[in-house]
Structure formats: structure tokens, C-alpha cells
Amino acid sequence: GAGVSQSPSNKVTEKGKDVELRCDPISGHTALYWYRQSLGQGLEFLIYFQGNSAPDKSGLPSDRFSAERTGGSVSTLTIQRTQQEDSAVYLCASSLEGQGQAPLHFGNGTRLTVT
Amino acid sequence: GDSVTQMEGPVTLSEEAFLTINCTYTATGYPSLFWYVQYPGEGLQLLLKATKADDKGSNKGFEATYRKETTSFHLEKGSVQVSDSAVYFCALNRYGQNFVFGPGTRLSVLP
């Protein structure tokens, strides 16, 4: 079946512009995560959606970052007034939340370059 | 809060060498434990998992055993190949909580 789909795969934007990154999780997955991965670095947690619960936004690095998940499915990560330090690969993942045993399924990411 | 610690990389091995990548965790309760792998230019993939103490996860010749007494989940492979060159991430998850990832360990296998 279809995996986690992210779009665009690559995005180049000028400093100061706003960008929107989209994630389509696997159908039926109730949990959705956004991570950021800078070149050669580990995963930086950004935000976590679980069903109808309030999202865990504790990883968002500044108020320029926001995310929403409409209808419990598609999610959009928005970065306002982009800065060069925002350049990274943004990864989305989803899981079928069970007793904490369900693995994450990752998309291929969106590579964001801020010039 | 919950945390995962991995051995610092990079790890460089010759083909057919034995691999161990250490992973220890701190968590309340009984988390599930995972190893993810990221091959060059690709996204993260689940490699193996274990959901309770003494469980052994295995896949593609890799193994890891959930050791609650030592809070560890070390990744092992008896004979690595060049194609195993990748970054390996240890992770844990508890019900209703966020996944917690280690910093990743880069493995390079030389022919």
C-alpha cells in the first residue's frame, strides 16, 4: 500500500518568505510526527499529533513554525519568514497508535534550502 | 524525561567484521524499543523492534535484545557488508507518548 507521502520533495526559497510543507500519512494512522534533520545530524522533534488530542508542540523551535492536521489526516507544516538556519530536511512520520508498540513509518522528506 | 543514548560514531569496519552499536535508554514504565536505519540519500526505515523485556528483534542479519536489567538494546550483526553502510538510530516509545530517538551512529563498511 501507499506509504507516507511528502511534498514537495525539494523546496528552495528566499530568506524571509513563507513556506508550506505537506504530509499525507498512511491511511488509518492516528499518530503523525514532524522531525527536522540537518545535514549529517540526528532527528530533531518538532510536533506530534495523536488523534483528536491537543498536539505536542514542545519541539517547535520558534513561533515562526506552526503545523496543523486537518480531519485527522493530512498535515501542513508552515514556516514563516524563513531564515537560513531553517535549511534542513523535514521528515514526516505516521504510526498506527497502539500500546506504544507501533513503529513509525517515515516519508522521504522535504529538503528545504533557504537562500 | 525519556532519553536514548547511543555510542558515538563514526564506526568504520572491514567487510565481514562483527558489529555492535550500543544503545541504552532511560524511561519510566515499559517502552517499546526500535532500531531504524537510514541508507545514504534515503529516508528512515524500521530495521527491527522489541516490545517487552527479553524480546529479541531481528532482521537482515541484525539482532537486538531488550535488556531491562541493563536498560539496553544493543544492535549486533555477525558479518557486515558494504551495503550495511548507513546511519543507525535507536529509539523508544511509550503508549501515548512521543517517540524518542538517539543521535544516530554512522557506520562505514570498507571492502
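Bear in mind that the values in this text are calculations on the coordinates, not laboratory data. Note that the coordinates shown come from a computational prediction; the quantities given were computed from them, not determined experimentally. Note that we place each Cβ from the backbone using ideal geometry, even for glycine, and neighbour counts take in every protein chain shown.
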Exercise for the section: Looking only at the stretch A:63-85, decide whether some residue is crowded, with 16+ Cβ neighbours inside 10 Å and within 8 Å of chain B (Cβ to nearest Cβ). Expected result: no
Fill in the blank from the handout: Of those in the stretch B:86-111 that are more than 15 Å from B:Gln6 (Cβ to Cβ) and buried (at least 17 other Cβ atoms within 10 Å of the Cβ), the residue farthest from the other protein chains (Cβ to nearest Cβ) is B:Val109
Exercise for the section: Evaluate the stretch A:48-57: report whether one residue or more is buried (at least 20 other Cβ atoms within 10 Å of the Cβ) and within 14 Å of chain B (Cβ to nearest Cβ). Expected result: yes
Practice task
Please work out which one of (1) among the charged types (D, E, K, R); (2) surrounded by 14 or more Cβ atoms within 10 Å (Cβ to Cβ); (3) away from every other protein chain (no Cβ under 12 Å) is the condition B:Glu16 fails and give its number.
Solution key: (2)
Exercise for the section: Report yes if some residue within the stretch B:40-58 is within 9 Å of another protein chain (Cβ to nearest Cβ), free of Cβ contacts under 8 Å to residues at least 40 places away in the same chain, surrounded by fewer than 21 Cβ atoms within 10 Å (Cβ to Cβ) and farther than 21 Å from A:Ala102 by Cα; otherwise report no. Expected result: yes
Problem - Yes/no for B:Lys60 being more than 15 Å from the chain's Cα centre (by Cα), over 24 Å from A:Leu32 (Cβ atoms) and of a type in the set (D, E, K, R) - result: no
Fill in the blank from the handout: Matching residues in the stretch B:1-22 (in a strand (DSSP E or B) and within 23 Å of A:Gly59 (Cα to Cα)) number 4
Exercise for the section: For the stretch A:46-90, name all the residues that are in contact (Cβ under 8 Å) with a residue 60 or more places away in the chain and in a strand (DSSP E or B). Expected result: A:Thr78, A:Ile79, A:Tyr90
Practice task
Grab the strands (runs of 3 or more DSSP E) fully contained in the stretch B:32-91, keeping just those with 1 or more residues being among the aliphatic types (A, V, I, L, M).
Solution key: B:32-38, B:44-50, B:62-65, B:75-77
Completion exercise
Of the residues in the stretch A:11-45 that are acidic (Asp, Glu) and assigned to a strand (DSSP E or B), the one that is nearest to the other protein chains (Cβ to nearest Cβ) is A:Glu44
Handout entry: Long-range neighbours under 7 Å by Cβ, at least six apart or interchain, first residue in a loop (DSSP other than H, G, I, E, B) within the stretch B:96-109, second of a type in the set (Val, Ile, Thr) and surrounded by 18 or more Cβ atoms within 10 Å (Cβ to Cβ)
Key = B:Gly102/B:Val4; B:Gly104/B:Val87
